[in-house]
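The values are calculated or read from the model by the stated rules, or taken from the named source; none is laboratory data. The structure displayed is predicted, hence computed values, not measured ones. Don't worry about glycine lacking a Cβ; one is built from the backbone with ideal geometry, like all the others, and counts go over all protein chains shown. Areas reflect the complete protein model, heavy atoms only, side chains present, ligands, DNA and RNA absent. Shrake-Rupley method; radii C 1.70, N 1.55, O 1.52, S 1.80 Å.
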Amino acid sequence: MAGAFGFKGCQKIRGPQIRNLLEAKDFFLFDCDGVIWHGEKAITGAAKVVNSLIRQGKNVVFVTNNCTRPRENYVHKFYRLGFTDVILEQIFSSSYCSALYLRDVVKVCGQVFVIGCDGLRRELQEAGIPCVEEADDPDATIYDCALAPDVKAVLVGHDDKLTFLKLAKASCYLRDPDCLFLATDNDPWHPLSGGRILPGSGSLTAALEVASGRKATVIGKPSRFMFECISSQFRGVDPAQCLMVGDRLETDMLFGSNCGLDTMLTLTGVSQIEEAQEYRNSDLTTNHSLVPDYVVDTIADFLPAFEELDEQSN
């Protein structure tokens, strides 16, 4: 589709170009952190953009690697921040998709050992997937702790209470070649205020990959599985009619590329246009999958296009 508008790769668009894109696409996929909001503050204009797309009959979904909260909590957050038209069925988190993968794809028979927050466990429990209960004595070590006998999968997500014992237990379970090794996502870190960073699920997964000598199957972006979840729940999803909007080249743009979607980078989050241009100019062809088709400063740049469309309809 990028070629249809006369430009290709990493080009900033505005005004008429955005309007043409909005008319051409039927399905919009948005990342959340850095695109829709920063923490508990919505990005200016984002709620109006999302609500306008929905009211115009466009399909809108949210694809997030944040696995720390169940989908119902996301619905409350959307509403609290002014996204009043968003419903549960539009939200695809890496925790929800991990539950679908375990239940519907591999049909796991046995318990799942979870390295992750309560939100991840709740998504698994709502899907009917039993999790190993953590009931160790505070002084327990890998030398004397109990190991569950029927663990059929280890799932790693964001865990701000990670302990050496959890890591050691997971390593023991993964010595069984029939025990699945899954990760909600491979995000290495997340930005915090004041220039600090928060280690992501990918950093925890990397530690367990080294300890176990195995590679995890990643469920969230940039894996195609999240798009397969969307396609299974929305009829007639055509990749050519989709636009993936995100703020991170290595996850959002690569996810779109892996799924055959046009991609748009918004500069309100992690990645900046200079990084995208470096990937575009790279001699490594694999880096070209990280290059967005379109770039906007913020998704609020959509708003003038909506006004033009409203004027045309009146």
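Please find the FRET efficiency linking Val106 to Thr286, where r is the Cβ-Cβ separation and R0 is fixed at 30 Å, and quote it to the nearest 0.05.
Here the calculated transfer efficiency is 0.60.
Explain nothing, just the number: relative contact order of the chain, from Cα pairs under 8 Å at least 6 residues apart, as a whole percent.
23 percent.
Past 20 Å, Cα to Cα: identify those pairs from Lys48/Lys221; Lys77/Lys107; Lys152/Lys215, in the order given.
Details: Lys48/Lys221 26 Å; Lys77/Lys107 31 Å; Lys152/Lys215 16 Å.
The answer is Lys48/Lys221; Lys77/Lys107.
For the stretch 96-218, what does the relative contact order come out to in percent, with C-alpha contacts under 8 Å and a separation of six or more?
The normalised contact order for the stretch 96-218 reaches 23 percent.
Using the C-alpha atoms of the stretch 10-145, what convex hull volume per residue, in cubic angstrom, is computed?
174
Tally up the carbon and sulfur contribution to the accessible surface of the chain as a whole percent, 1.4 Å probe, everything protein left in place.
Exposed carbon and sulfur together represent 51 percent of the surface.
Per residue, what accessible area does the stretch 204-292 have, given a 1.4 Å probe and all protein chains present, in Å²?
Value for the stretch 204-292: 43 Å² per residue.
What size of dipole, in debye to the nearest 20, comes out for the stretch 96-218 about its Cα centre when the only charges are +1 on Lys and Arg C-beta atoms and -1 on Asp and Glu C-beta atoms? Display every interim value, and only then the final one.
Working: 12 positive and 18 negative charges, 79 e Å.
Once rounded to the nearest 20, the dipole reads 380 debye.
For the stretch 20-87, what D do you get in µm² per second when you plug the Kirkwood radius from alpha-carbon pairs into Stokes-Einstein at 4 °C and 1.567 mPa s?
It comes out at roughly 104 µm²/s.
Enumerate the amide H contacts of Val218 below 5 Å, restricted to partners 5 or more residues apart or on another chain; note that Pro and chain-start residues carry no placed amide H.
So Val218 has HN proximity to Ala183.
With no solvent and one point per C-alpha, what does the Debye sum give as log10 I(q)/I(0) for the chain at q = 0.12, 0.13, 0.15 Å⁻¹?
-0.81, -0.94, -1.19
Determine the dipole magnitude for the stretch 76-142: charges of +1 sit on the beta-carbon of Lys and Arg, -1 on that of Asp and Glu, nothing else is charged, the reference point is the Cα centre, and the result goes in debye to the nearest 20.
360
Provide the descending list of Cα extents for the stretch 96-218 along its principal axes, expressed in whole angstroms.
45, 36, 26
Of all DSSP beta bridges located in the chain, what percent are antiparallel, nearest 5?
Bridges in the chain are about 15 percent antiparallel.
Can you give the longest run of the chain that contains no chymotrypsin sites (Phe, Trp or Tyr not before Pro) sitting in a DSSP loop with at most 14 other Cβ atoms inside 10 Å?
Of all site-free stretches, the longest is 8-142.
Determine the dipole magnitude for the chain: charges of +1 sit on the beta-carbon of Lys and Arg, -1 on that of Asp and Glu, nothing else is charged, the reference point is the Cα centre, and the result goes in debye to the nearest 20.
For this selection, approximately 280 debye.
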